[in-house]
């Protein structure tokens, strides 16, 4: 089976990231992490809405109402589309210019799980930051792990019992047993990506339990079976693809973001930094989870 990939619109992000589907509004959101830009697109409606957030932005995820939950440099917040207002939900105890939030997703219980990237870390240096969970029940922030220096692609199995998360510097994706009310357990290697000469980037899981991960420096997307076997590789049009999510009324489309010029990578093709649509997929996606905090 061959998939179809085409560019959507004319947006050009420096560092396109964190696409997420808002099921209630049937719309797609994504960010330009370096520019502090938040986009929202109603497919078929023309140009996307442009919103602004304090840069750099790590990631976004759906939450209640017409809003998204946001991981900013070292804090969580709620952004309301209608009022264009941002409200802080909590701050992690890390205030370091070399550490900022990166990727995040909501778990099936409605908590928002996001991790940091420790830039410029020397070999053997202790990781600052880590993986954090913003709880939906009481708004507390819990640290789940402190050994991942560059968190990417957090996502969950269909039953919510397995948590996947990449460490891009180590070029691996780990799997854990996941309890929304407890610590991460049974850490194990799920996939090593060193053979592609790159680390894993954004990821999502489909309804069959296969994980889709972006191999940014290899310009590919890998679909990985629950046993860690790569089932297929898809060539991506941009030089540096970054992240992806399922969307559409039947969740049978993949949306893909990309880089034109980040702190370390620069694409020189006209389509670099664009948004892409992938169709004719072997499986649909899972219903997107949202942050269910009362404060949000």
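What follows draws every value from the coordinates through simple rules; no lab data is involved. What you are looking at is a predicted structure, and each value in this text was computed from that prediction instead of being measured. With ideal geometry, Cβ positions are generated from the backbone for all residues, glycine too; neighbour counts draw on all protein chains shown.
Backbone N atoms of the range 225-241 closer than 13 Å to the 7 Å Cα→Cβ label point of residue 2 belong to residues 235.
Each label was represented as a point 7 Å from its Cα along the Cα-to-Cβ direction; for residue 35 and residue 95 these points are 3.1 nm apart. The ranking of 280, 32 by Cβ neighbour count inside 10 Å, starting from the fewest, reads 280, 32.
A Gaussian network model of the chain, with springs between Cα atoms under 10 Å, assigns the largest mean-square fluctuation among 171, 121, 73 to 121.
Between residue 186 and residue 26, full extension at 0.36 nm per residue minus the direct alpha carbon distance yields a gain of 53.9 nm. Note on the chain: semi-axes of the ellipsoid equivalent to its C-alpha gyration tensor, largest first and rounded to whole Å, are 24, 23, 20.
Name the most mobile residue of 19, 241, 48, meaning the one with the largest mean-square fluctuation, in a Gaussian network model of the chain with Cα contacts below 10 Å. Fluctuation is largest for 48. Here r is the Cβ-Cβ distance between residue 279 and residue 138 and R0 is 45 Å; the resulting FRET efficiency, rounded to 0.05, is 0.65.
Comparing 46, 90, 139 in a Gaussian network model of the chain, where Cα atoms under 10 Å apart are tied by springs, the biggest mean-square fluctuation is seen for 46.
Here the extension length gained between residue 125 and residue 195 equals 22.7 nm, from 0.36 nm per residue of separation less the Cα-Cα distance.
Spin-label model, residue 82/residue 231: points 7 Å from Cα along the beta carbon direction are separated by 4.0 nm.
In this rough spin-label picture, where each label sits 7 Å from Cα along the Cβ direction, the residue 207-residue 268 distance is 4.3 nm.
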